[in-house]
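**Student:** Take a look at the following structure, please.
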Amino acid sequence: MLSVVAGALLMTAAALTGLAIKKSFRTRMSVFTDACDFCAYYKREISSLKTPLDEILRAYCKEGKGVFSGIMKKYYAGMSVGFCNAEEVLSDVRSNVLRDEDNLIIASFLFALGKSDLENEITNIKRYQDVFEEKKRKYESDLNKKGDMYYKLFVLLGITLMILVV
């Protein structure tokens, strides 16, 4: 009886591990989806209304939810101190969910916000929006392929462990 319970617990733990890995792919994809949405919102605000960056960030942070919104809230809170380079932004807004290269891309994007004239700012936003779209497609593909694969792999591992224990 005890071995059946232990086997069931091992199988459940393995399946939950697979789900956690799949969730990390989903979270990364949602971060870059939100980043693309922010780029579109920012571009629209500065091109038509010429809204200041401070007001745009305040409005976005007020409404936003999720990991990217949390990053933006950290950036907005640190803006009052001022950032000298992208590394300072990176140390302030680093997310454990993202890989180091993704954190660096987002930190570089945030450091570049509001640093140039309107035309260059729009060009820069379009460039980062393309980068974010590419990352979003990559993580969407990873979610569909690797996420399902890891989940199924860990379920099979759990079944195997259960059979071994029982």
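The values are calculated or read from the model by the stated rules, or taken from the named source; none is laboratory data. Predicted, not measured: the structure shown is a model, and the values here were computed from it. With ideal geometry, Cβ positions are generated from the backbone for all residues, glycine too; neighbour counts draw on all protein chains shown. Ligands, DNA and RNA are stripped out before the accessible areas are found, and what is left, the full protein with its side chains, is counted by its heavy atoms. Shrake-Rupley method; radii C 1.70, N 1.55, O 1.52, S 1.80 Å.
**Student:** Can you confirm whether SER108 is assigned to a loop (DSSP other than H, G, I, E, B), under 18 Å from LYS43 (Cβ atoms) and small (Gly, Ala, Ser)?
**Tutor:** Here the answer is no, as SER108 does not meet what is asked.
**Student:** Please verify whether ASP92 is among the acidic types (Asp, Glu), touching a helix residue (DSSP H, G or I) at 6+ places or on another chain (Cβ under 9 Å) and touching a residue at least 24 places away in the same chain (Cβ under 8 Å), treating the condition exactly as stated.
**Tutor:** no
**Student:** Return yes or no: is GLU101 surrounded by fewer than 16 Cβ atoms within 10 Å (Cβ to Cβ), under 19 Å from ASP34 (Cβ atoms) and modelled with pLDDT of 90 or more?
**Tutor:** yes
**Student:** Also, I was wondering about something else. Restricting to region 119-156, what's the tally of residues that are in contact with a helix residue (DSSP H, G or I) (Cβ under 8 Å, 6 or more places away or on another chain) and open to solvent by 70 Å² or more (accessible area, probe 1.4 Å)?
**Tutor:** Of the residues in region 119-156, 7 are in contact with a helix residue (DSSP H, G or I) (Cβ under 8 Å, 6 or more places away or on another chain) and open to solvent by 70 Å² or more (accessible area, probe 1.4 Å).
**Student:** Out of everything in region 38-80 that is surrounded by fewer than 16 Cβ atoms within 10 Å (Cβ to Cβ) and within 22 Å of ASN96 (Cβ to Cβ), what residue ends up being modelled with the lowest pLDDT?
**Tutor:** Looking at residues that are surrounded by fewer than 16 Cβ atoms within 10 Å (Cβ to Cβ) and within 22 Å of ASN96 (Cβ to Cβ), I get LYS65.
**Student:** Moving on. Would you mind stating whether ILE21 is touching a residue at least 60 places away in the same chain (Cβ under 8 Å), among the aliphatic types (A, V, I, L, M) and open to solvent by 40 Å² or more (accessible area, probe 1.4 Å)?
**Tutor:** yes
**Student:** I would also like to ask the following. Out of all the residues in region 110-151, which are hydroxyl-bearing (Ser, Thr, Tyr), over 23 Å from THR51 (Cα atoms) and in contact with a Phe, Trp or Tyr (Cβ under 9 Å, 6 or more places away or on another chain)?
**Tutor:** Hits for region 110-151 are TYR139, TYR150.
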